[in-house]
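> Quick one: this structure, given as structure tokens, is what I'll be asking you about.
The values are calculated or read from the model by the stated rules, or taken from the named source; none is laboratory data. Just so we're clear, the structure is a prediction, and the values are computed from it rather than from any experiment. We place every Cβ from the backbone using ideal geometry, glycine too, and count neighbours over all the protein chains shown.
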2 protein chains.
Amino acid sequence: MKRVTMDDVAREVGVSRMTVSYAFRDAPGVSAETKMRIIDAAKRLGYRRDVIASLLASNRTNTVGLSLLDLSFEINAEILYGLRDAAKRDGRRVFISAGEMERRDEPERLEDLLDVRADAVVLAGSLLPDAALLKYADRVPLVVVTRRVQGVDSIAVDDHKGACLAVEHLVELGHRRIAHISSPAWYPYTARRDGYVDAMKAAGLSPRVLEAEFGQTPGAAAAALLLDSAEPPTAIFCQDQAALGVRDLCASRGLHVPHDLSIVGFDDTHAASLPGIDLTSVTQQARLMGELAAHRIERKLRNPALPTEQTLLEPSLIVRGSVVAPNN
Amino acid sequence: MKRVTMDDVAREVGVSRMTVSYAFRDAPGVSAETKMRIIDAAKRLGYRRDVIASLLASNRTNTVGLSLLDLSFEINAEILYGLRDAAKRDGRRVFISAGEMERRDEPERLEDLLDVRADAVVLAGSLLPDAALLKYADRVPLVVVTRRVQGVDSIAVDDHKGACLAVEHLVELGHRRIAHISSPAWYPYTARRDGYVDAMKAAGLSPRVLEAEFGQTPGAAAAALLLDSAEPPTAIFCQDQAALGVRDLCASRGLHVPHDLSIVGFDDTHAASLPGIDLTSVTQQARLMGELAAHRIERKLRNPALPTEQTLLEPSLIVRGSVVAPNN
DNA sequence: TTGTATGCGTTATCAT
DNA sequence: ATGATAACGCATACAA
């Protein structure tokens, strides 16, 4: 089954191939009638424009690449929708390359996107070191989302401030032994930990940080360590996934959340809002980040000399039922 | 910044472009030494193969397209990973096109994938009518996943049997007024409802089906109707998302799950397993479905004349804490 | 409004 | 083992 080309359509209609080409791009210079006949013949012949050939010839893709650190992350969808809607207005499509966090396959994503000649690339989450990102930004217009990177365009919620909100909320209710389960030290997401530490110090309290890999199980393990220690915390602040793990552990020990332990999460995932989970948490603004990324790209592409910019969005604390005043 | 082409590399090394081309495909017929020099020069010049041009010239993509009905569906990731791993073994890459269910943008996904000349297309979820799928299957080798479609290759968990498992579980515990919240009648996912109805009849009970759109809120609304009726059910069977809505409603009315109402879900989503949610549910087998889809594709591509096949996977019921014997 | 010539960067075919 | 030349299907001048 051979491919139907523009030549076939042109022959059928009795015009030159170029006329067909023009017609399909609705470029000016084709009479309405010829255009009709062309569209018609194309349909009849089952012609479809060869995007690949068109890309090669025009030497531009009008495509922005979206790299997803892990396809299972809840935040992806809103980022995509925000990005795609805004990008569409600028006449650009979004090409997705999705990875799996545990595999550390980010470089593959980037290469994928460079392969298809994306005009620009958006990183929805990244565990690469800053230096690596700077290098990539050198090869292609890059916007990092959910993480702040010095020297690279980035859009993220102000994690530092979000952590402060969480701690202050707990302190106000009377908590003094507030622990934090953070991502491992080598992770490039450090602002939350810093915010926690700063807020604790500001309140005259001594910070207590435990590191754990991303996810529920490591979160539960960390919580176990904390609760088994000499002075167990009355509250824990950590990412939502870890928070679910903390709840797991409490459940398995017969501890009641929030009366035996208060928890504040970060990310305001879907699960946090479920009755029965009801986790107080700090919000992300995924859709907005996607939109802003598209706008940033549009500006960068118009003016490549533009200096990089790090946008921080305002976090807010969604108060639910996982926090009460300490009982000791 | 001009693109570095094969010609540049060839000139640098002092060979013809074809030799470079061969070298990069590690095709036979290039001495190890020249190959080394070519790779080396390429790196020095910053050459990268132009995938687009390569696709155009070779006229084949070795790409399988994956259409995601909605990027936010939890099941996507495992399907992708299963598919990608298996496809990679066959030398194929996976190209993702993700939609948003409420927008009914599936056709766009399909066109996207046809545009990039995917060798085959996998549909991870679809709301298109069977007839539409048959038409697409005519244009490109198609495998539908999570849904059974007569006349189209498809791989899904046996929804009918899964529904039976759920009902039987409830009946065994003594429930007699078991209601089902199903997807709207026009949705092409009907096996669950059928299974429910059949199982109820087999148990000598009268089925009671309420339709609701996908999601928590519609699920809660449906539950409200059921609970307000003359003979409220003692148990509800529905998809996990809806089940979460049912829980919502119970919570808001001060009803206790499972003592006031038992719930069995379908899909075994992550949320179902959380302590505090603890929802008994019927499993999907996402990763396996992805793998099987890849294998199916491989076979189809080798032998296009192969008849279509509908694979049904065995469901199983994960018993958790959302079901007890009825108290009236 | 429509047509002609040329190029996009690679692979395929057939030589050498 | 390597090279010359023609596709691949379309877009971009520029000419008519």
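> Just to be sure before I move on: is residue B:282 more than 14 Å from chain A (Cβ to nearest Cβ) and crowded, with 16+ Cβ neighbours inside 10 Å in the structure I sent?
Yes.
> Right, here's the next one. Take the residues in the range B:49-82 that are within 16 Å of DNA strand D (Cβ to nearest atom), among the polar types (S, T, N, Q) and in a helix (DSSP H, G or I); name whichever of them is farthest from residue B:133 (Cα to Cα).
Going through the qualifying residues, I end up with B:54.
> Which of the residues belonging to the range B:13-56 are in contact with a Lys or Arg (Cβ under 8 Å, 6 or more places away or on another chain) and among the acidic types (Asp, Glu)?
B:26, B:50
> For residue A:5, indicate whether it is within 13 Å of DNA strand C (Cβ to nearest atom), touching a Phe, Trp or Tyr at 6+ places or on another chain (Cβ under 9 Å) and modelled with pLDDT of 90 or more.
Here the answer is yes, as residue A:5 does meet what is asked.
> Give B:258, B:218, B:275 a once-over and let me know the one that is outside any strand (DSSP E or B), away from chain A (no Cβ under 14 Å) and crowded, with 17+ Cβ neighbours inside 10 Å.
B:218
> Next question. Starting from residues that are part of a helix (DSSP H, G or I) and within 7 Å of DNA strand C (Cβ to nearest atom), keep the ones in the range A:11-33 and report whichever is nearest to the other protein chains (Cβ to nearest Cβ).
Filtering the range A:11-33 for residues that are part of a helix (DSSP H, G or I) and within 7 Å of DNA strand C (Cβ to nearest atom), the one nearest to the other protein chains (Cβ to nearest Cβ) comes out as A:17.
> Mind listing whichever residues of the range B:170-196 are surrounded by fewer than 21 Cβ atoms within 10 Å (Cβ to Cβ) and more than 25 Å from the chain's Cα centre (by Cα)?
B:171, B:172, B:173, B:174, B:176, B:177 - these are the residues of the range B:170-196 that are surrounded by fewer than 21 Cβ atoms within 10 Å (Cβ to Cβ) and more than 25 Å from the chain's Cα centre (by Cα).
> Filtering the range A:53-69 down to residues that are over 16 Å from residue B:115 (Cα atoms) and surrounded by 17 or more Cβ atoms within 10 Å (Cβ to Cβ), which residue is farthest from DNA strand C (Cβ to nearest atom)?
So the residue we want is A:69.
> Okay, moving on. Does residue B:76 satisfy the criteria of being modelled with pLDDT under 95 and either crowded, with 20+ Cβ neighbours inside 10 Å or within 12 Å of another protein chain (Cβ to nearest Cβ) (or both)?
No, not satisfied.
> Now, a different point. Which pairs have Cβ atoms under 6 Å, sit 6 or more apart or on different chains, and link a residue in the range B:17-41 that is within 18 Å of residue B:54 (Cβ to Cβ) to one that is within 11 Å of DNA strand D (Cβ to nearest atom) and of a type in the set (Asp, Glu)?
So the pair list comes out as B:17/B:7.
> Please find, among A:50, A:90, A:8, the residue that is more than 12 Å from chain B (Cβ to nearest Cβ), more than 27 Å from residue A:124 (Cβ to Cβ) and of a type in the set (Asp, Glu).
That would be A:8, the only listed residue that is more than 12 Å from chain B (Cβ to nearest Cβ), more than 27 Å from residue A:124 (Cβ to Cβ) and of a type in the set (Asp, Glu).
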